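Written out below as structure tokens is the structure these notes cover.
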Protein chains: 2
Amino acid sequence: MTRRRFHAGLAWLPPGRLGVDVQIDVTNQVLTTVTVGVPAPSDAVRLPGVVLPGFANSHSHAFHRALRGRTHLGGGSFWSWREQMYALAARLDPDSYLELATATYAEMALAGVTCVGEFHYVHHQPDGAPYDEPNAMGDALREAARRAGIRITLLDTCYLTAGIGEPLRREQRRFSDGDAPAWATRALDREADATTRLGVALHSVRAVPLAAYALIGGARERIGFDAPLHVHVSEQPAENEACLAAYGRTPVELLDDHELLGRWTTAVHATHLTRSDVGLLGDAGASACFCPTTERDLADGIGPARALADAGARLTLGSDQHAVVDLLEEARALEMHERLVTGARGRFAPAALVAALTEDGHASLGWPEAGRIEAGGIADLVAVRLDSVRTAGVDPAQVVLAATAADVDTVVVGGEVVVHGGRHALGDVGQLLDRAITNLWSRPAGSSPPVVP
Amino acid sequence: MTRRRFHAGLAWLPPGRLGVDVQIDVTNQVLTTVTVGVPAPSDAVRLPGVVLPGFANSHSHAFHRALRGRTHLGGGSFWSWREQMYALAARLDPDSYLELATATYAEMALAGVTCVGEFHYVHHQPDGAPYDEPNAMGDALREAARRAGIRITLLDTCYLTAGIGEPLRREQRRFSDGDAPAWATRALDREADATTRLGVALHSVRAVPLAAYALIGGARERIGFDAPLHVHVSEQPAENEACLAAYGRTPVELLDDHELLGRWTTAVHATHLTRSDVGLLGDAGASACFCPTTERDLADGIGPARALADAGARLTLGSDQHAVVDLLEEARALEMHERLVTGARGRFAPAALVAALTEDGHASLGWPEAGRIEAGGIADLVAVRLDSVRTAGVDPAQVVLAATAADVDTVVVGGEVVVHGGRHALGDVGQLLDRAITNLWSRPAGSSPPVVP
């Protein structure tokens, strides 16, 4: 039995208020008592600034980190960016992915992320043949999270077609198990553990034929009654157009038709929705995962976040392609994009942004007991400095509108201190990233992502 | 005569290419030679990462820094935010403004800013009576920039009415000199010096009657043939509506009618423009100063940046209200907001973003010899690390799409090292900010900005 004691000058307590002088006791991974108004005892780890629950990064493709700062020449669109991403995906193997994902998840830990939802679809060898261990890539991601000290929900993703009714392209073969039963057999051949939970993902209406939907839903239920199902939804107008042309239904309507909307569903992006789509997601109590820094980088557009929340959906946040790994920036951008579209401020209260970042994100990843600083919860804590040039002078209750990842001082995951004084237990994470990314791009498959003319 | 020698592994040289192993010699404030392909000599200051020209922060209201993280409760709009801003403005005096602006400009220096354009309108005592020294507030700003080690263009702002034809409100009295001749007399009672240049500003079509336009133009010419004139233009739709109702002209058309559009003009924000406005600004070769983090925070909207550039206008960047002081983020946001609006990537090449941040910004502030690393230029340099978690693995030529203010390692202003290893020569800038902001809000005028219901 491991006991730890922490003390926070200020801590963000449910349902969204700041407690002063908060003593936090942990046994094993669990918060046992949270007591307000206690001077710091000598045996406690002092947490500076304001202490928030751990952040959930609800949508990640870890390998995209190697594209950061390499896709901005030559213009293009989401679709030309995707060609560069495929060129990168072609270079991965279980060892290089372990190295890159470890560094990427460590970067996330430095940004306050205590749990990541990995939307994982690079399953097989480049020609589509399974590795000797068919889950070698997913296992590498689990191991990467373990090394980086964070929890993971591995969302094993079914990916079968290039577009609706279109055979896979060469670069996509490694994403596919051939058919849905083979996907389910492989995906269900793994168990959860203390820091890993499992879920499923339907890549998108482009990549999965309707005939597979029921089987994906069934696989989810076999993992667990509340196991998460994530799906990319309406990120680009072209997806909606193709879906309407093929089926006469929007992507959200298709999910509803096939009973894939529930409280366990997360619609990722949810950018180009109809009013009816918003109502369906809201009625289901589903989550919508916004990835604002990706959605602006990839020129996706701004989704109806406020309307979704008003309709009853939960909002969560992800750094997705990791052009930016700063969940505080994602939270702020959710509000800022709403302001740009509506001309009004305060579309989301700071507490609503923190909820997306913490408890709603964790719930959407199948960790409903994480994301709140209260007895019985998982002991995930993030101390954000209030004395940096970015945060000096701010109201601590509004810190989410001013702080950045660079202000994260201490990160505790399941009671263990993973980041202290802004340093990760693994050491120089910039160096880890540099090594992993340099290794990947210097492999024989090519030297750099193709520049789109 | 002061000589300095610097060495950069990578430096951003005109017209937008990276030089390798660059030796940079400085005499007094000026770059004397810039030589590519030289191994680092032992007597040189080594600059890490990639070295860019100094950043121009082309639009600043220094005192707004004290509002950061304090205006996000209770919703509202630009107009309700303005009430909170007025409550803050009412608390300033020359001493407290010196303290706050010194800390704010030091924060800017840490972000790579080597020159700030201060759009200055808090001229007088709260009741409108001049201080014993009528330029006490402007002098405090000049002194603040000197202490923070950066250059300043003081844009002395004419502000006479609350709205078109509307008398000043009580909170606005200290902004006004009573009439335009009195404004000009005061504004012209100062001289430039080695690190200060002067310009004028017309606050907005709201705040200045047409009868004063010619006099403002004349004051500009008295300062110098190329002296800058800045003006807030079409930040909010309501401004345009009032202008059209009163004059039957848009704000840009009014400026054109009164011969206030030239290469020396900067239209700040330029958010809600007609196609004709874009053409007028372009034909004049004027600058448009975008402040993207402010324009999203204040729910202004997204202006037509690409269209302005295509029409012939120059683009510059400002942190304006300083909800964020990160000029790299402003540059990135210029591109990201275009992507959100158009669905396309690469609307501005990285080199175009750097130009806005550096030479075009400096030119719009009346420092045409700054912002380029070339012989004869002012010796302003910013070293941006390439080994942080944010920048590891990026193409150095695309660093502006990945780096943040936290990656600024060394800042050289006029040959002097102001920031080294991410530390400002003044010491702990967070502490300076905290002290200045705490002092200001704890003064008797009230305890916090009013919360808008």
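Computed from the C-beta positions of B:T27 and B:R222 and an R0 of 51 Å, the FRET efficiency is 0.95 to the nearest 0.05.
Note on A:342-352: average number of Cβ atoms from other chains within 10 Å of each residue's Cβ is 5. One decimal place: the segment B:A192-B:Q125 gains 21.7 nm when fully extended, by the rule 0.36 nm per residue minus the C-alpha distance. Quick check on the protein assembly as shown: take the gyration tensor over C-alpha atoms, sort the square-rooted eigenvalues as a ≥ b ≥ c, and tell me if it's rounded (a/c under 1.5), prolate or oblate. Cα axes put the protein assembly as shown in the prolate bin.
Among residues of chain A, the one whose Cβ lies closest to the rotation axis carrying chain A onto chain B, together with that distance rounded to whole Å, is A:A406, 2. Between A:H420 and B:T35, the distance separating the two model label sites (each 7 Å from Cα on the Cα→Cβ line) works out to 4.9 nm. Once a ≥ b ≥ c are taken as the square roots of the eigenvalues of the Cα gyration tensor of the stretch B:229-364, is the result rounded (a/c under 1.5), prolate (a/b larger than b/c) or oblate (a/b not larger than b/c)? In terms of gyration-tensor shape, prolate. Placing a label point 7 Å from the Cα of B:R17 along the Cα-to-Cβ line, the residues of the stretch B:25-54 whose backbone N sits under 13 Å from it are B:36-37.
Each Lys or Arg adds one and each Asp or Glu subtracts one; over the other residues with Cβ under 12 Å from the Cβ of A:S276, this totals -2. Dividing the summed -39500 (n - 2.57) terms of all DSSP H runs of n ≥ 4 by the residue count of the protein assembly as shown sets its mean residue ellipticity at 222 nm at -9500 deg cm²/dmol. Residue by residue, the stretch B:275-281 carries 3J(HN,Hα) couplings of 4, 5, 4, 4, x, 5, 5 Hz when phi is fed to the Karplus relation 6.51 cos²θ - 1.76 cosθ + 1.60 (θ = phi - 60°); x denotes Gly or Pro. Once the Cα atoms are used to define both axes, helix B:136-148 deviates from the longest principal axis of chain B by about 20 degrees. For chain B, averaging the sequence separation of C-alpha pairs within contact (under 8 Å, six or more residues apart) and dividing by the residue count gives a relative contact order of 21 percent. Counting, for every residue in B:328-337, the Cβ atoms of other protein chains within 10 Å of its Cβ and taking the mean gives 3. Averaged over the residues of peptide A:59-69, the number of Cβ atoms from other protein chains lying within 10 Å of each residue's Cβ is 3. Extension gain, B:L244 to B:A351, is 34.8 nm, computed as 0.36 nm per intervening residue step minus the present C-alpha separation. For the stretch A:307-352, the relative contact order is 20 percent, taking Cα pairs closer than 8 Å that sit 6 or more residues apart in sequence and dividing their mean separation by the residue count.
With the charge dipole of the stretch B:302-374 set up from +1 on Lys and Arg Cβ and -1 on Asp and Glu Cβ about the Cα centre, the Cα lying farthest toward the positive end among the listed residues B:V354, B:A311, B:V325 is that of B:A311. With contacts taken as Cα pairs under 8 Å and at least 6 residues apart, the stretch A:1-86 reaches a relative contact order of 26 percent.
Taken together, the values in this text are just the output of simple stated rules run on the coordinates, not laboratory data. Given the structure is predicted, the values throughout are model-derived calculations rather than measurements. So basically every Cβ, Gly included, is an ideal-geometry build from the backbone, and we count neighbours across all protein chains shown.
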